[in-house]
1. Which count do you get for residues in the stretch 514-535 that are part of a loop (DSSP other than H, G, I, E, B), touching a residue at least 40 places away in the same chain (Cβ under 8 Å), open to solvent by 60 Å² or more (accessible area, probe 1.4 Å) and of a type outside the set (A, V, I, L, M)?
2. Residues being within 30 Å of the chain's Cα centre (by Cα) and crowded, with 18+ Cβ neighbours inside 10 Å: count how many of those fall in the stretch 198-216.
3. Determine which single condition ALA201 fails, assuming it passes every other condition in (1) in contact (Cβ under 8 Å) with a residue 12 or more places away in the chain; (2) under 20 Å from LEU259 (Cα atoms); (3) out of contact with any Pro (no Cβ under 6 Å at 6 or more places or on another chain).
4. Somewhere in the stretch 426-447, is a residue outside the structural domain of ILE135 (by the TED database), modelled with pLDDT under 85 and of a type in the set (Phe, Trp, Tyr)?
5. Identify, please: which residue in the stretch 749-771 is surrounded by 14 or more Cβ atoms within 10 Å (Cβ to Cβ) and in a loop (DSSP other than H, G, I, E, B) and is, among those, modelled with the highest pLDDT?
6. Quick check on the stretch 241-274: of everything there that is of a type in the set (Val, Ile, Thr) and assigned to a helix (DSSP H, G or I), which residue is surrounded by the most Cβ atoms within 10 Å (Cβ to Cβ)?
7. Quick check: anything in the stretch 95-107 open to solvent by 10 Å² or more (accessible area, probe 1.4 Å), farther than 24 Å from LEU359 by Cα and part of a helix (DSSP H, G or I)?
8. Take the stretch 418-448 and flag every residue that is among the aliphatic types (A, V, I, L, M), more than 28 Å from GLY592 (Cα to Cα) and either buried (at least 21 other Cβ atoms within 10 Å of the Cβ) or more than 20 Å from the chain's Cα centre (by Cα) (or both).
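The values are calculated or read from the model by the stated rules, or taken from the named source; none is laboratory data. The shown structure was predicted, so the numbers you read here are calculated from the model rather than taken from an experiment. Neighbour counts are summed over all protein chains in view; Cβ atoms, including those assigned to glycine, are modelled from backbone coordinates with ideal geometry. Keep in mind that these areas ignore ligands, DNA and RNA; they rest on the heavy atoms of the full protein, side chains included. Shrake-Rupley method; radii C 1.70, N 1.55, O 1.52, S 1.80 Å.
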Amino acid sequence: MEAAETATCRSVDNFNPLITTIFQVSCILVISHMFHILLKPLGQPGPFAQLLAGVVVGPTLLSRIRRVEDFFIQASSADYYTFFSFLCRMLFMFSIGLETDIPYLKRNIRVVSIVAGGGIILSSICAVPLLWLLIKVFTVTKSRFPFYLLIFTVLANSASPVVIRMIAESKFDNADLGRLAIYSSLISEMSCVAFVATLTACSSTIRLVGAIIATLVTVLLIFLNNYLPFVFNKRNRHKRFLTNSELFLIIFILLAISLLVESAGYTAITCCFLAGLMFPREGKTCRTLLHKLTYAVNTFVLPVYFGYTGFQFNISKIFNKLTLILTVLIILLSAGTKIVATLAACYYLKIPRNESLILSFLLNMKGNYDLIIINSPPVPKMLWENDIHDLFLSVVVLKTLILAPVVAIWLNRGEFCAHYPTTLEILNPESELRMMACAYIPRHVSGYLSLISALSDCPNATLNPYVAHLVELRKKKKSKLMYHQLEDGDQYSDEEEYGGNDVVQITNALDSFISETKIPVHEAKIVSSFLTINQDVCNGAVDLRVSIIFLPFHKHQRVDGKMENSMEGIRTINQKVIRHAPCSVGIFLDRGQTGFQQPHGSLSVQNIATFFFGGPDDREALACSKRILMHSQVSLTVFRFIQANSSIQNSWISDASHRDEEVVMAISSIGTENEMDNVFVDSFYNRYVAQGKASLIEKYVSDGAETLVALREILDNMYSLVIVGKGRRENSSLTIGMSDWEECPELGLVGDLLASSEMNFSGSLLVIQQHRHSEEDEALITP
């Protein structure tokens, strides 16, 4: 096949090509951000706006003007464009690897592989007749095998960066379907790379040697990336981030080894992705890379990369009747192949039809590895003929421009992004639990880590915890220092300075916990005025799709055992969050050394109790207890408070000899709620108590006075944690008279009593309110 010049260069340079390249990148950035601002209210994603910006700047529109064409499209500029594309590709693939949810991928590797594999297999079959047709049309006599690899890649590949950005901007990335689409596209793209690289390596001895070299340097990069974070974390143990020089060293090594892989004749996207995927998640090195790369990649790198893709497209190249027919044919064949294969795979996996359809459209996005094959054939010193290059480039660009708006409108309808489940009661104990724990000061974090440790030991289930540091937004003093006068590491955004030394202490606590337990904990920071911070907490819970929010109690226990206010305003924030939360809420009172301790790695068993007075809040408390009781170092005791003259009959009998746990429970009302309580408790007994995993004890009381006496008797035992539902028990005969000394209504009658100093209870307390479905479950929460 004859080599040909690319469509984006001319024979004579009238301007400095570096200046031309920089100016083109700047134009693409400005226009893409303008388009994004205009199209975002219409629900259109960033990749669509950025691709459109490149089309506008390119030979399709602005570069049709003679002076603009002479400035942008020059012979020497092609090398600069190629290098910028390589740099962008390297950074965002490394960033994608860093952000990959490895536990999710491990749990769902079978499902993801089937969805991705269906499209790859069918595409490899459909590429054969298309190869025969295009060989006849373009009279291809040589290099037919690389031509087949080109056709296969265009049909089978799913552009993971496009899919990831579309889903992230739709706030869809934490939904099950969103994550399935992301990792199916990743598996699809990496499989295409591996397939093409393997067949290319087997074509000749030289290519095989190149593949071995690329593999060895990739292993070297992974090794260095596992060693350097250990050194850097140790050097910066008292800081939150690495210094700029250390960050530059990591990026330089990544760039150098990626260039070695490219020089061996293979694309470096797999090398960069694997380097990010295998990068240690613990410590300050990963946090610094995510903090610096995420903003840079989303704001600069991807707009430039997608924009340059659109810049290469020239619509005048498809005005030829034959080319237009072939373009439409390949687009339809590619889309049809992906849709049919994905629907078949989803039918086998019993995924709902509407979700299968949106998944098939998402996996039809193009614009990453397929572009590499189009611009750089898998054979050294070879270029596609202009007609072939223009045809497949038009297919990639037009297909993404056509399908991206359709998919975006579909996603923005919201039916695929429903915030579900919002309560623990309806959540399967063996399914993933997403939780968010809010902390104001470092003291709050230790108690949360104990809860996370206890909740993470449930077999066949996964915990996805987020710890959000809530920081009050105050007036910031302006610094008189210039940027170059700041100390190394102080050039981060103003927001990073909020929180003071608390940020470092919280970060160190999380790093130590993750290193010790190997439980991944996501860290976040919410900086806002205390008047509106409850809105940010609720909106964050919706975005993260958590099932429960944990809040700290506004008081803490002093050395003498008395309770003292921690921070002004926490109580008001807690009340607002409880009122407007889009999911269940738990208020956690941590009593430090005498309270609940981290069970992970502990040799002693901790006793836990849960009070059940009946109703949705107590069922939610018991559902939380189910998760905790699965930890081997936790023992739970069940006490069910029942009206003394109640006619409730149970089919089970408490067996104290099999106690591993105790749960304190109580019954509130008669009727539907009472029936639901009985069903829920019966289910708990059959699954846990009868199996010897928990114990359940009934307490018959007549009024609040007897309830108080029973509580005092129970608390004489050493319980490190008591779990109770907030409840609405004002009219319950079980709590008559207990409201006379109520101080904190947000804890409920029983919770308020247990939190008071008069009860002489030294254990920790968790009060849970179940989410109440109402019209307040909106994305914007009123304060």
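1. Looking only at that region, the number is 1.
2. The total comes to 0.
3. Result: ALA201 passes all but (1).
4. Within the stretch 426-447, not a single residue is outside the structural domain of ILE135 (by the TED database), modelled with pLDDT under 85 and of a type in the set (Phe, Trp, Tyr).
5. If we take residues in the stretch 749-771 being surrounded by 14 or more Cβ atoms within 10 Å (Cβ to Cβ) and in a loop (DSSP other than H, G, I, E, B), then GLN770 is modelled with the highest pLDDT.
6. It comes out as ILE269.
7. Among the residues of the stretch 95-107, not one is open to solvent by 10 Å² or more (accessible area, probe 1.4 Å), farther than 24 Å from LEU359 by Cα and part of a helix (DSSP H, G or I), which makes the answer no.
8. ILE426, LEU427
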